[in-house]
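**Q** Shown below is the structure under consideration.
The values are calculated or read from the model by the stated rules, or taken from the named source; none is laboratory data. What you are looking at is a predicted structure, and each value in this text was computed from that prediction instead of being measured. In this analysis, Cβ positions are derived from the backbone assuming ideal geometry, glycine residues included, and neighbour counts consider all displayed protein chains.
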Amino acid sequence: MKLPGPVMLLLLAATAAEAQTIEGFWQDAARRILFDRAAPPSYAYGRWNTLDPQQTYPAAKRIRKSDKGFELIDLLYDEEEVIKVVRADDNSIEFVRTSTFTGCSMHHSCVQQVDEMLCALENSCRDIVDWRGEDEIARGRIPRDEPHLRADEPVHGAWPEGRHIVDRRDAERARFFIKIAHRLDRRGVPEEQNRRRINQPADGEELDAYVRSGTALLLTELNRHPPDAECPTWWPADQTYGFWRRRMAHESTVHRFDVQGAAGMIPDEVPEDVALDGIDEVLTLWFEHRLAVLSVSGTRDQVVSVRAGGLEWLARAGTGRTSTRRPGEGPVPPDAGNGADAAHAVVSGSPMQVYLWLWGRRPDRAVQLDGNPDATAQLWALLRLATR
């Protein structure tokens, strides 16, 4: 449903002619919040936050001019978000992005400043303004080593050419893990491998060889240690090689799905045990832990029951921190009252479909959504922030 960050980054391009107008590809570079109806009274507004260009789901847009006027394609969203250009000229554009699921709309008013745009944003739901902010957007450039990805290619048509980019990102992440693992133990990795940047193949190295060597390094390192052996991770609850076995397994599974779809293949089935573990991982590691690290929470206190394969998880979001627990297990949130296991909405389906929906790879119609649609919309939106 969403394009992975590496594909979008390599699609970001601008010709010399486009550089004089708003036409071309743009990527959000920084954001600041000026008003949030759900923010606590002590919240400090106005601080600019730089956005990571390597995030999984970077906000990228393409603007182009046709005989009918200017059109804008937002690469982060699909058919569930409707884009309407209100007004545009060579140096500015106003557009509205409306969710077909929630009915909420984000209004953008952008003015170009050379190779940057400053956008004023205002989000409203049911005619109530609940958020205002500003974005700094930078013009994208096409990397020198990917000259075949041109600005005039159809956005979705670039998916097949982009499938190798997903492979490359997986190879980079494998090497990232190798560097982390060797903070404790540097045996088994050549010194030149430690010195070389992880996101660059060696001179003259073909992509196939780069991917295969990254996979070999990963498997060698994982096989040299038992799962419970100590290894640095970014999750305090699990500082073992087992974390990386699990994390890389799901990283590869999700991107294998991306690559097969990009190649026009029918994606292989995800085994039920892998999908169920993946549901648990995305809800505990990403929804609960990652959002807490980012200091991101919901706007209303709601619980969504996620059900698959006879198992259930309760994902709670509110103005405090997010949490995930199994019914009857784990500490009950202090604000849960007597309805600790009560849910406002339910997401259910086969383990594979629920797993991929949580990762933004399946549309809503692939699973069953019951109950309050605002609760499931909040869960889905928070997961997109968590897994950037």
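**Q** Which residue is modelled with the highest pLDDT, if the candidates are limited to region 121-140 and must be surrounded by fewer than 17 Cβ atoms within 10 Å (Cβ to Cβ) and part of a loop (DSSP other than H, G, I, E, B)?
**A** Ranking the qualifying residues of region 121-140, first place goes to Asp127.
**Q** Would you point out the residue of region 358-385, among those that are in a helix (DSSP H, G or I) and touching a His at 6+ places or on another chain (Cβ under 9 Å), that is surrounded by the fewest Cβ atoms within 10 Å (Cβ to Cβ)?
**A** Asp374
Conditions tested, residue by residue: (1) at pLDDT 85 or above; (2) more than 20 Å from Ala29 (Cα to Cα).
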| site | (1), (2) |
| --- | --- |
| Tyr77 | no, no |
| Ala88 | yes, yes |
| Cys119 | yes, no |
| Ile142 | no, no |
